[in-house]
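Engineer: This structure is in structure tokens; I'll ask about it shortly.
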Amino acid sequence: MSEFDPHKLTVNLLAPATFTQPVEGRKYTLTHSDITGQLFLDIGYMYNMRAVNPQMRDEVLAEWKKDVNGHLTLAGTAYVDGGEYSSSAAGIRFKIFMKEMDTAISGIVYGDRPFYARYPLLRDAPIFIHYVSNYPQYRQVLYYGTPRQYLSQINVVHR
């Protein structure tokens, strides 16, 4: 990953999901190819764990959830480690996730544009990413703005 290129994004709706349903519980599985830079986004009622590389665990998962006040938020997860890496290796993974997260979120948001057209209020919902780690210094929940911010930053050059 790196800078987001909409032409390198492949979107797959997992039936029975559509570009308008579900809302709450809508799940995103974003994976990528290190070789081609291609992004793969699956949208559905469940995560597409078959697309996740169990050795690399470099996917970003996200879901529309209600917060404590009943407002929808886009809550994501990045798996840094579960104790299988040293602290320094986990730190490298954490830094890579941090560097690439804007690109990943851009792919998730851009790939579901029809959803935001149907639910425009969700363009202003907060995005939080939970970095999962056994090491406290990498176990964090960070705010990443709103879908509107990502949609406004994406320039599509027609090829």
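The values are calculated or read from the model by the stated rules, or taken from the named source; none is laboratory data. Just so we're clear, the structure is a prediction, and the values are computed from it rather than from any experiment. Don't worry about glycine lacking a Cβ; one is built from the backbone with ideal geometry, like all the others, and counts go over all protein chains shown. Surface accessibility is based on the protein's heavy atoms, side chains included, excluding ligands, DNA and RNA. Shrake-Rupley method; radii C 1.70, N 1.55, O 1.52, S 1.80 Å.
Engineer: For the chain, what does the helix formula give at 222 nm: sum of -39500 (n - 2.57) over DSSP H segments with n ≥ 4, over the residue count, nearest 500 deg cm²/dmol?
Structural biologist: The helix-only estimate for the chain comes to -7500 deg cm²/dmol at 222 nm.
Engineer: Under a cut-off of 28 Å between alpha-carbon atoms, report the lysines in cross-link reach of Lys8, not counting same-chain residues fewer than 8 places apart.
Structural biologist: Straight-line reach from Lys8, under 28 Å: Lys27, Lys65, Lys95, Lys99.
Engineer: Still on this structure: Roughly what % antiparallel, to the nearest 5, for the DSSP beta bridges in region 19-159?
Structural biologist: 80
Engineer: Report, in whole Å, the centroid distance computed from the Cα atoms of region 125-144 and region 27-45.
Structural biologist: 20
Engineer: Could you report region 2-88's accessible area per residue, 1.4 Å probe, as an integer in Å²?
Structural biologist: Here the residues of region 2-88 average 53 Å² of exposed surface.
Engineer: Only Lys, Arg, Asp and Glu count, each charged at its Cβ (+1, +1, -1, -1), so figure out the dipole size of region 1-144 about its Cα centre, rounded to 20 debye.
Structural biologist: That gives region 1-144 a dipole magnitude of about 220 debye.
Engineer: Tally up the carbon and sulfur contribution to the accessible surface of region 1-152 as a whole percent, 1.4 Å probe, everything protein left in place.
Structural biologist: C and S atoms contribute 57 percent here.
Engineer: For region 48-59, what does the Karplus curve 6.51 cos²θ - 1.76 cosθ + 1.60, with θ = phi - 60°, yield as ³J(HN,Hα) per residue in whole Hz, taken in order and with x for Gly and Pro?
Structural biologist: 8, 5, 5, 7, 7, 7, x, 7, 8, 6, 10, 7
Engineer: Any chance you could list the semi-axes, whole Å, largest first, of the equivalent ellipsoid that the Cα gyration tensor gives for the chain, using √(5λ)?
Structural biologist: Equivalent ellipsoid of the chain: 24, 19, 15 Å, largest first.
Engineer: Over the chain, what is the mean sequence separation of C-alpha contacts under 8 Å (at least six apart), divided by residue count, expressed as relative contact order in percent?
Structural biologist: Relative contact order for the chain comes out at 23 percent.
Engineer: As I understand it, the value is the acute angle between the Cα axis of helix 87-111 and the longest principal axis of the Cα atoms of the chain; what does it come to in degrees, rounded to 10?
Structural biologist: 10
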